[in-house]
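Undergrad: Pasting a structure here, questions to come.
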There are 2 protein chains.
Amino acid sequence: MSNITLAILAEELQLSIATVSKALRDSHEISTATKKRVLKKAKDVNYQVNHFASSLRKKKSKTIAVVMPEIANNFFSLVINGVESVAQQKGYHVLIYLSHENFNREKAITAELQNGRVDGIMASLSMETTSTEHLEELQKKNMPLVLFDRVAENMAVPKVTTNDFESAFIAVKHLLENGCRRIAFLSVSNCLSINKNRLKGYKAALKANAVPFNSELLVQCTNDDAKNTGQLKKLLSRKKRPDGIFASVEKLAVPCYEVCNELNIRIPEDIKIISYSNLQLAALLAPSMTTIAQPAFDMGRESASILFKLIEKKGVSPIPENTVLKSTLIPRNSTVAIHK
Amino acid sequence: MSNITLAILAEELQLSIATVSKALRDSHEISTATKKRVLKKAKDVNYQVNHFASSLRKKKSKTIAVVMPEIANNFFSLVINGVESVAQQKGYHVLIYLSHENFNREKAITAELQNGRVDGIMASLSMETTSTEHLEELQKKNMPLVLFDRVAENMAVPKVTTNDFESAFIAVKHLLENGCRRIAFLSVSNCLSINKNRLKGYKAALKANAVPFNSELLVQCTNDDAKNTGQLKKLLSRKKRPDGIFASVEKLAVPCYEVCNELNIRIPEDIKIISYSNLQLAALLAPSMTTIAQPAFDMGRESASILFKLIEKKGVSPIPENTVLKSTLIPRNSTVAIHK
């Protein structure tokens, strides 16, 4: 980094620091001739506005943070694309933090973000997160905060989600209509908002179709891929095997396919599979996978737009507390009805 | 954000600003009793160290930037995972910038990063990037810089790449050994280092197997998915159709499968396909796809480690200018030999 400061520049030009500063900001108080002189000198000595000094003056970091469980996942990387599309327009910088589904790490991240590094925060909770004190701390300090996808439902902050209940209802109804009667529900947490609402949708669809709820078909996975594969193998080796799988998050869909392949269980003949997923490749799997596609990019864009409204506090129109963007069922071969 | 500054805290405690500041930094110059008083007061009034004031003093932003073409792509999101694993250990923050394969945007990003916002930069070039002046600007200002994957080969900065020539050679050799004679080479740019070296590997493998090089089989795609699909349709509708495809980047593999499906071209019977890819799902495609898996996570981790060495200027051991991490061929059904 160049160490040439505004002061040195002023000395070399034999002008006051205030004059140089105003000239660099193209102020009307400074003559065109002086501005030209200052700009030429600044260029000659490779002068760059010191970002931190400038931030201190404006009390804005022009930076937002996105705190989320992981990134090597189609859903979250599409969200970032959406966030970036808005941040770039606004001239904002985007810091990425990964909790790796770990509550303590999520707390450490939000604690560190309270000190002026960012002007606002977007967060999606880890699967371990059971309390929201760390987020309430941010609220107390008036930090602009938007939750997305995995939200804390009781907090009075803007939340951007998909229609979890309704999309789960539609997915399970689809499985039932195509002949399933023993549908396993795979989740990653008991506590996450998405899980609760998707489970409610699952139960409501069973009820609407007069299929009794069976708690043995609820399988809670973890963040450990090897363990999940083990659990799925157990599930699919049961005497009374499920005839349908409803995977409530994308990361559980691939292991289902892998385990079925390994155990020679045919999809969709022996078992039907549906999963939340944004993978373009779902259509090319053997068999192609029926998915519930979430509006990931739009969720990122919308969350960021709301966050910038909070940061800029522009206008008098109230910011909606709940924004719900619809997911779409895309039926493919993994759930096709088999006529015997 | 709380507006309580160090000055107000000092006034309330009737101490000097220097004393309060030293107490908060746990200086040995301050008595334990005073430290306790300061810490209690700071807690009472919700005092937070102002990040920017603190950065200005230390001349460190504790932030690095990663500039890359896109993020909704398995390779780049795995790289970020690798970078984050090191940054988190070092207590550093990670800014993400996407060029969206646009040269002007890449230039605008690097220009803005010269002003003290970050302590170092990792970059992977856009497919449009043909000159490196914007990176040389960073060098002139002594900005720590590491290039990864898509690098500027002539620049004297640390570069982390995969064995592009060798892995392409092995991939094309694999296609030739399984019966291909007309192998199309799909790329996204003429200029990128990865493209040049993979093309050299392709040509060398043909030569080693006495198959003449045919420039009609070089297909340069763009950043426009619809256009790429159109180009691939044309390629695969030719009278003298290729019998093998070597996709030099992951984003071209999926359209190949889609177009083959649409045109009823059987993989691997009519055409064999191999692609650089890190997708876990490659094994589950119909047919499973032969891939060259890049060490994406390790490339991110290694690049970040080198960047931190540059930032910290620790030790006297020279930093290697070229770090090459090996990719691995994973043979699957899309390239299986057909015995007629």
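Undergrad: What percentage of the solvent-accessible surface of the protein assembly as shown, computed with a 1.4 Å probe over protein heavy atoms, is contributed by carbon and sulfur atoms?
TA: 50 percent
Undergrad: Continuing with this model, one more query. Using just the helices of chain B, give the 222 nm mean residue ellipticity in deg cm²/dmol: DSSP H runs with n ≥ 4 each add -39,500 (n - 2.57), and the total is spread over all residues, rounded to 500.
TA: Value at 222 nm, helices only: -13000 deg cm²/dmol.
Undergrad: Residue by residue through the stretch A:278-283, which ³J(HN,Hα) values in whole Hz follow from phi under the Karplus form 6.51 cos²θ - 1.76 cosθ + 1.60 (θ = phi - 60°), with glycine and proline marked x?
TA: After applying 6.51 cos²θ - 1.76 cosθ + 1.60, I find 10, 6, 4, 6, 3, 6 Hz.
Undergrad: Given the whole protein assembly as supplied and a 1.4 Å probe, what does the accessible area of residue A:227 come to in Å², nearest 10?
TA: Answer for residue A:227: close to 130 Å² accessible.
Undergrad: Taking amide hydrogens as modeled 1.01 Å from N in the peptide plane, which residues meet the under 5 Å criterion relative to residue B:245, leaving out close sequence neighbours?
TA: Placed amide hydrogens put B:184, B:272, B:273, B:274 under 5 Å from residue B:245.
Undergrad: Return the aspartates and glutamates within reach of residue B:200: Cα separation strictly under 12 angstrom, same-chain partners fewer than 8 residues apart disregarded; answer none if there are no such residues.
TA: Of all the aspartates and glutamates, those that pass the test against residue B:200 - Cα under 12 Å, at least 8 places apart if same chain - are B:164, B:166.
Undergrad: Next question, about the same structure. Under a point spin-label approximation (7 Å from Cα along Cα-to-Cβ), what is the residue B:330-residue A:28 distance to one decimal in nm?
TA: 6.4 nm
Undergrad: So how much accessible surface do A and B hide from each other in total, probe 1.4 Å, in square angstrom to the nearest 100?
TA: The buried area between A and B, both sides summed, comes to about 5100 Å².
Undergrad: Tell me, what is the 1.4 Å probe accessible area of residue B:246, in Å² to the nearest 10?
TA: So the heavy atoms of residue B:246 present about 0 Å² to solvent.
Undergrad: Using the basic label-point model (7 angstrom from Cα toward the beta carbon), what is the residue A:136 to residue A:111 distance in nanometres?
TA: Computed distance between label sites residue A:136 and residue A:111 equals 1.7 nm.
Undergrad: Let me ask something additional. Hey, if we sort A:93, A:28 by accessible area with the 1.4 Å probe, largest down, what's the order?
TA: Ranked from most to least accessible, the order is A:28, A:93.
Undergrad: Another question about this same structure. Excluding residues fewer than 8 places away in the same chain, name every one of the lysines whose C-alpha is closer than 27 Å to that of residue B:203.
TA: Filter leaves B:159, B:173, B:227, B:233, B:234, B:239, B:240, B:251, B:272, B:326.
Undergrad: Let me ask something else about it. Just to check I understand the Karplus step: with θ = phi - 60° and J = 6.51 cos²θ - 1.76 cosθ + 1.60, what whole-Hz values come out for the stretch A:261-272, glycine and proline as x?
TA: Karplus values, whole Hz, x for Gly and Pro: 4, 5, 8, 6, 9, 7, 9, x, 4, 8, 8, 10.
Undergrad: Which whole-Hz couplings ³J(HN,Hα) result when phi for each residue of the stretch A:73-79 is put into the Karplus expression 6.51 cos²θ - 1.76 cosθ + 1.60, θ = phi - 60°, listed in order with x for Gly and Pro?
TA: So the Karplus estimates, Gly and Pro as x, are 7, 4, 4, 5, 6, 5, 4 Hz.
Undergrad: For the pair residue B:225 and residue B:60, how long in nm is the line joining their label points, each one 7 Å along Cα→Cβ?
TA: 4.2 nm
Undergrad: Going by the alpha-carbon gyration tensor, a ≥ b ≥ c the square roots of its eigenvalues, is the protein assembly as shown rounded (a/c under 1.5) or, if a/c is not under 1.5, prolate (a/b greater than b/c) versus oblate?
TA: Oblate shape, in that a/c is at least 1.5 and b/c is the bigger or equal ratio.
Undergrad: Measuring nothing but label to label, 7 Å from Cα along Cα→Cβ, what are residue B:240's distances to the other copies in nm, shortest first?
TA: 6.5
Undergrad: Could I ask something else about it? Of B:85, B:160, A:318, which is farthest on the positive side of the dipole of the protein assembly as shown, counting Cα position, with +1 on Lys and Arg Cβ, -1 on Asp and Glu Cβ, and the Cα centre as origin?
TA: Sorting the options by dipole projection puts first A:318.
Undergrad: Still on this model: Scan around residue B:123 for amide H atoms under 5 Å from its own, H built in the peptide plane at 1.01 Å from N, and keep only partners 5 or more places away or cross-chain.
TA: B:67, B:146, B:147, B:148
Undergrad: In whole Å, what is the distance between the alpha-carbon centres of the stretch A:99-121 and the stretch A:229-270?
TA: Answer, in whole Å: 36.
Undergrad: Sticking with this structure for a sec: What are the nm distances, shortest first, from residue B:177 to its equivalents in the other copies, labels at 7 Å along Cα→Cβ?
TA: Spelled out, the distances from residue B:177's label point are 5.0 nm.
Undergrad: Where the label is 7 Å out from Cα toward Cβ, how close does residue A:321 come to the same position in every other copy, in nm, shortest first?
TA: So the label point of residue A:321 gives 6.2 nm to the other copies.
Undergrad: Along the charge dipole of chain B, Cβ charges K/R +1 and D/E -1, which of B:215, B:18, B:282 sits furthest on the positive end?
TA: It is B:18, whose Cα lies furthest towards the positive end.
Undergrad: Enter the angle in degrees (range 0 to 90, nearest 10) between the Cα long axis of helix A:103-112 and the first principal axis of the Cα atoms of chain A, meaning the one along which they spread out most.
TA: 10 degrees
The values are calculated or read from the model by the stated rules, or taken from the named source; none is laboratory data. Computed from a predicted structure; not experimentally measured. Note that each Cβ is placed from the backbone with ideal geometry, even for glycine, and that neighbours are counted across all protein chains shown. What goes into the accessible areas is simple: the full protein's heavy atoms, side chains included, and nothing from ligands, DNA or RNA. Shrake-Rupley method; radii C 1.70, N 1.55, O 1.52, S 1.80 Å.
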